[in-house]
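Worksheet for the structure shown next.
The values are calculated or read from the model by the stated rules, or taken from the named source; none is laboratory data. The shown structure was predicted, so the numbers you read here are calculated from the model rather than taken from an experiment. With ideal geometry, Cβ positions are generated from the backbone for all residues, glycine too; neighbour counts draw on all protein chains shown. Each accessible area value is taken on the protein alone, full model and side chains, heavy atoms only, with ligands, DNA and RNA left out. Shrake-Rupley method; radii C 1.70, N 1.55, O 1.52, S 1.80 Å.
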Amino acid sequence: MMDVPTANQSRTPYQQWAGQHGWCTASPPGSLCSPVPGFQHLCLGSPSDQRSRHFHQLPASNHGRNAPTGTDAHRNTACDENAAQRLQHITPDAQVPPCSLPLDEGTQPRHPRQMSSPYSPRGPQPATSAPSLLLPPYAHHGSPSGPQPPPPPPHQNHLPLSPPSFGQCANQSAQFTPQANTRHDPASPSTSPVQQQSRWAPPPPPHPRGAMNEFVPGATARGVSIVPPQSPNSESRYGLDPELLPSAVKVIAEDRAEWEGKVFVSEPFSRLPPLATTSCIIEDRGNASPLAIRATSYCVPCEGQTALLSRLPLGALVTPLARGNPGEKPLPVCKEPECVSGCSGCGASMCAAMGWQDCGQRFYCPFCGKLGEVPWQHYQPTYGAEGARVDKDKRPELSMGSYEILGSQKGEPAALLLAIDVSASALRGGHLEFVTEQIHSLLTSLNRQDGDAPSDVRVGLMTYDGRIHLYDLSPALSRPHMLVITETDDLQLPVREGLLVSLRDCMDSIDSVLRLIPQFSAECDDSGGVPAELPVKAALAILQALSCPGKLLIFHTASLMEMGHANSPSSSGFFGSSKPKSIFQPSEPAVSLAQECVRQGCGVHLFVLSQQDVGGAWPGHIPYLTGGALHTYGHLQGELDKERFSADLKRTVETDTGYKAELRIFVSSDLRVSGCYGLFLPGPSPALVALATLDRRTTLAVELSHTRGLDETRGAAIQTALTYSTRTGDRRTRVHTLTLRCSRHLQDAFRHCQAQTLLTFYCKKMYCAVLERPLQEMREELQMEVTEALASYRKHCSSASVSAGQLVLPQYLRALPVYTNSLRKSEVLLPGLRSSIHRRLQQRCQVLGMDTPGTAAHFYPLLLPLPLSVENSEPPNPEQALRCCAVSLEPRGLYLVHTPLTLLLWVGTRVPASTLVELFNTSCFSSLPSGETKLPVLENPLSVSVRSLIDGLNSQGPCARKLWLVKEGDACEEALQHHLVEDKSPNGGASYADFLYHLHINSVRLLQ
C-alpha cells in the first residue's frame, strides 16, 4: 500500500510507480492521506504540536483530514468503539509508556545525560520495551467540504525538532534523530518549499555505559540539504538515513553475545529461546528444543479474538529430525513395550504435559481433554502436591520434551537405486566416463566403511534411453545379465531376484557394468527427448515388488519432456492446457507419480548433466515432492562443475534420511490445526502429513486457530509424532512436545515473538499459496498483515502520547520489516525481467525445504569483510557481519556474501596489490576473472584463512555451491545486487528505508 488517491483524484504517476515496484496500491479503510507528500508538505513543527495534531485527535472526529461520511463514518466509529471495548476487557493495563518520546517544544538538554539499559535483552521485559523511531511526519490533505485545521503559526516552520529522549528507551538499536536544519526567513519570499527539507543526521555515538542524548550546538542554523547516500540503490525517497534503521545484523549479534556457548533450559512455560541463528546448548527439562519445535509466539492469547486483534500468526515451525548442537545430550530412545502408552482417545504419545490423577492410575490428556487409564504393567504411584510419578526421572517419556520410541517390528532396509541415461545425447556428451568413475568411487568408499555396516545397503542399477535396462547383479551369476523392457507404459518386471543385492556381494558386478556403460552405442533416437519419469516408474516397480523404501539417483542428459508428450519435445505441460493454473503447479502425471513415491517411501534425486532448453519441462516437481532434490550442471566439462557434482553425489548418499514417514500433529483441545505448509503433497487433514523421505533440515509450518478460550493456568500444548523407517529398516517414532504459557494481555503475544520465526512462517505459507493465488495478491496480503500487526501494537500496546511521526516496533520484531521486504521482493513473489521460470521454480522448492536458520540467511545474507593483510589473516567472525547494502562495500575491501544457495566474493577496485597477489596470485585487478571461479591454493596465511572459511561455509549448506567472483563495476555485479536486500533490487523491489516508511504511515493511517 503506497499511494491512495482522494475521491476526486485519478491514478497518479506515483501510483503507477508503486504498482510497477510491487507495492500494494489498495487503500485500507479509514481516512485518506498522501503517503508520499512533498517535503513542502512535511510538518516541521515541534513534537508536542505533532502529538496534538496527529495523535490526540484520533479518537475524536476527523478534524483536519478527509472525514468519512454517512454509513462509512458510522461503521468506522462503531468498529473503533467495539475494538476499544473488547481491548478494555482483555487488556486493562495495555497502556505502555513509549520507549522514546520527543522533548517538549522549545526545550533542549543543557548537559548530556547517561542512561543505562534497565534490563537485559532476554530478561523480564518491562512495559517500556517498544523502540520508537522518529519518522518525518506527514500532512493530511483536508477535504474540500470538510473542516480545515487552522494554519500553524509561522514560527512552527523553523522551530527545531528536539531529538528523542533516551530516558525510557530499553533498546537503542536505531534512532531517527531529525535535526532542525531549516531556517525560514519570512522576509525572504524566494525561499521555496523544497528548500525546507528535513535533514536526517545520525545520533551521537553511544556512551560505553549507556545511551547519551547530547545536544548539538548550532543544529538549528544549518543549511537545508539531505546528505546523499553513497549508493543510489540505498538512497531513500524520503531522506531517511538507512544506517539509522533497525538492523537485523545488530539483533543477531546481540542475541549471540547473550547466548553463544551458554545453556538454555527448555522447560514448560519457558521464556523466549535464543534466535535460530545462535548456537547454544539446549537442556531439555520437559519442553522440546527450539531446534525441533519453534513457536511463532511463546505466549498464546487465551481468546481467539485477542489473537485476531494482534494480527500475528499463531503456529509453530516443526523440524522433526533436527540435529542437536555440539555438546548436547543425544536423544533418549525407549523400546515400545517398555514405554508408557499414551492417550487411547486421540492417539497422542505420553509426554510431560500429561497430568496425573488418582495416585497415578489415570492421566489427563491436554490434547483431547479426556482421562486415560494406565495399564497395570506401567503403574507407579505419585508424590508431592504436583502429583508427579516416582519414576519420572527414569522415564524420558515422562520427563523429556523430546524422545524416540523404537518399534518392536522391523521392516525391510532401504535400498539405493542408480539410474543412468545412456541415450544418444548422453553418449555424445562425453561425461559418462566421469559419472561412472564417481559412482564407482562412492560405492567403493561405502563398502570399505566400518561401524554401522553401511555396506549392507542393497544396491540396484539400471540404464535407460527410450527403454529400461535392468541388471541382474546376483552373486551366483558369472557376470551380470541385462534385462531390456520396451513396454514402458505398463511396466512389468521380468524377474525380482538380483535387482537389489547387498553392496558387499555385488561390488564386482557393478564395477563391470560401470566400465561398459561409456562404451554403449546409441540404439534409440532421442530427438524427441526422454522423460525423466521413466526411471522413476521402473524404480517404483522394483521397490514395490520387494516391499522396501529407497533412494533413487537419476543421472539425466537428454532433453527433458513430460510423460504423455512423446511427440512434442521439450513440452512444459503449461501452455498445452486451457485450464488456468499457476506456473508453480506441477502437472497431474507428476503429482500422481509423486503420490506413488510417497506411499512407497521413495525419494528421487535428479542430476541433470546438460544444459536444458529454456522453454523445456522443469523436472524438479517429483524430486522435491518426495524429499529429494534437483541438481543441475552445465555440461560437466569444467573442473568446477565436476567438483560440485562429486560433492553433491557424496552428500546425497551419506545424508541420514527417514523413509516412508507420517507426521501427526496434536494440539490442545481448545485449539485446532488450520493449516500445514511445506514441501509435501497435502492430504485431507492438515494434522496428518505423509512424506516419502526427510532429513534433518526438513521443516514444516503449522498454523493454529482457537476453537474456544484457553485456560490460563493449563497453558497450550503442541505435540508432533513422526513415525518413520531408518536405513536399516527400524521403525521409530520421534515425539516432540512443546508447552506454552497463555495470557489475556495482548502485549504478551508481541513480547514473545521473534522476527526470524515469523519470516520462516510467512515464507512457507506464501510460497505454498502461490500455487493457487496471484503473486500481486500475495505481496499485498503479506504487506497488509505486517502493517496491521504494527498498527495493533501501536494502538493497544504503546502510550497514547506517541506522536504520529514515531515508528513503534516490538522489542523482538525490530528486524521484521527488513525480513518482510526481502520476502516481498524475492524472485518467487516478484520476478524480474531476467528471472527465468526454471530458476524461480527451483528457488521456491529449495527455500520451502529450509529450516529457520537457512531461511533467515537466505533472505538476509551474511556479508563478511575479509582481511586484507597477513597480519590480520584470522577468519572473520560472523558477529562482524555488515548490513546488506551497497554502502557497506568499500572500494578498498574484500567481502564474502554467504547464503544457503550462493557464495559471492566481491573485490573492490582499490584492493591493495599485495592482497591480490596473496589471494589470487595476480597483482592486476583487471586480470581477475569474473564469474564462477576457484581460489588458487597458495601457501600464505591470508589464502589459507579465506579458503578455510569458504570450505566451512560450504559444508554447512544443503548443497555444494559455486563461488562467484564479482568485481566492482563489472557487468556481473547485478548478481550481488539481488543479495543486498536493504537496497532497491534489480527486479523492482523497494529499498528497506522506503518500505519501512510506508509500513509506518500505513499503520498510522489504519488507526485514523
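Can you give the Rg to Rh ratio of the stretch 315-455, both from alpha-carbon atoms, with Rh computed by the Kirkwood formula?
Working: Rg = 24.4 Å, Rh = 19.9 Å.
Here Rg/Rh amounts to 1.23.
Stokes-Einstein at 37 °C, 0.692 mPa s, Kirkwood radius from Cα pairs: D for the stretch 706-836 in µm² s⁻¹?
D = 181 µm²/s.
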- Compute the distribution of all C-alpha to C-alpha distances in the stretch 436-511, in bins of 10 Å from 0, and list the percent of pairs in each, rounded to whole numbers. 18, 45, 29, 7, 0
- Message: With the crude spin-label approximation of a point 7 Å out along Cα→Cβ, what separation in nm comes out for Cys959 versus Tyr379?
- Response: 5.8
- For Ala295, distant residues with modelled amide H under 5 Å away: Leu317
- Note on the structure: The distance between the Cα centres of the stretch 363-392 and the stretch 905-930, in whole Å, is 68
- Query: Given a Förster radius of 56 Å and the C-beta distance between Val944 and Ser582 as r, what FRET efficiency does 1/(1 + (r/R0)^6) yield to the nearest 0.05?
  - Reply: 0.70
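Quote the charge dipole size of the stretch 387-468 about the Cα centre in Debye, to the nearest 20; the model charges only the Cβ of Lys and Arg (+1) and of Asp and Glu (-1).
Values: 9 positive and 12 negative charges, 53 e Å.
Dipole magnitude for the stretch 387-468 comes out near 260 debye.
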- Message: Can you give the FRET efficiency to the nearest 0.05 for Asn921 and Lys335, using r as the Cβ-Cβ distance and R₀ = 56 Å?
- Response: 0.40
- Task: Normalising by the residue count of the stretch 276-359, find the relative contact order in percent from Cα pairs under 8 Å and 6+ residues apart.
- Result: 29
- Message: What is the sum of charges, Lys and Arg at +1 and Asp and Glu at -1, for the other residues whose Cβ falls under 12 Å from the Cβ of Phe925?
- Response: +1
- Can you list the HN-Hα couplings for the stretch 461-472, worked out from phi with the Karplus curve (6.51, -1.76, 1.60; θ = phi - 60°), rounded to whole Hz and with x for Gly and Pro? 9, 8, 10, 7, 10, x, 10, 10, 10, 9, 10, 8
- Relative contact order (%) - criterion: Cα under 8 Å, at least six apart; region: the stretch 392-509: 25
- Phi to ³J(HN,Hα) by Karplus 6.51 cos²θ - 1.76 cosθ + 1.60 over the stretch 479-485, Hz, x for Gly, Pro: 8, x, 9, 9, 10, 9, 10
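At 25 °C and 0.890 mPa s, what whole-number value in µm²/s does Stokes-Einstein give for the translational diffusion of the stretch 805-958, with Rh from the Kirkwood sum over Cα pairs?
Numbers: Rh = 17.6 Å.
My calculation gives 140 µm²/s for D.
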- Query: Using modelled amide H (1.01 Å from N, peptide plane; none on Pro or chain starts), what sits under 5 Å from the amide H of Gly407, excluding residues fewer than 5 places away?
  - Reply: Arg731, Arg732, Thr733
- Grab the other residues whose beta carbon is less than 12 angstrom from that of Ala856, score K and R as +1, D and E as -1, and report the net. -1
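If you take every residue apart from Ser674 with its C-beta less than 13 Å away from the C-beta of Ser674, what net charge results, scoring Lys and Arg +1 and Asp and Glu -1?
Working: positive: Arg672, Lys765; negative: Glu703.
Its environment carries a net charge of +1.
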- In the stretch 887-998, carbon and sulfur make up what percent of the accessible area (probe 1.4 Å)? 51
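Leaving out ligands, DNA and RNA, and with a 1.4 Å probe, what % of the accessible surface on the stretch 286-371 is carbon or sulfur? It would help to have the intermediate numbers written out before the result.
Numbers: 1720 of 3430 Å².
Using a 1.4 Å probe with all protein chains present, the stretch 286-371 comes out at 50 percent carbon and sulfur.
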- Item | Hypothetical label at Leu483: residues of the stretch 543-558 whose amide nitrogen lies under 17 Å (7 Å Cα-Cβ projection) | 543-548
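With r defined as the distance between the Cβ atoms of Thr713 and Asp456 and R0 fixed at 30 Å, what FRET efficiency is calculated, to the nearest 0.05?
Details: r = 52 Å, r/R0 = 1.74.
After rounding, the FRET efficiency stands at 0.05.
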- Message: Going Cα to Cα from Lys962, which lysines come in below 22 Å? Please leave out same-chain ones fewer than 8 positions away.
- Response: Lys642, Lys650, Lys934
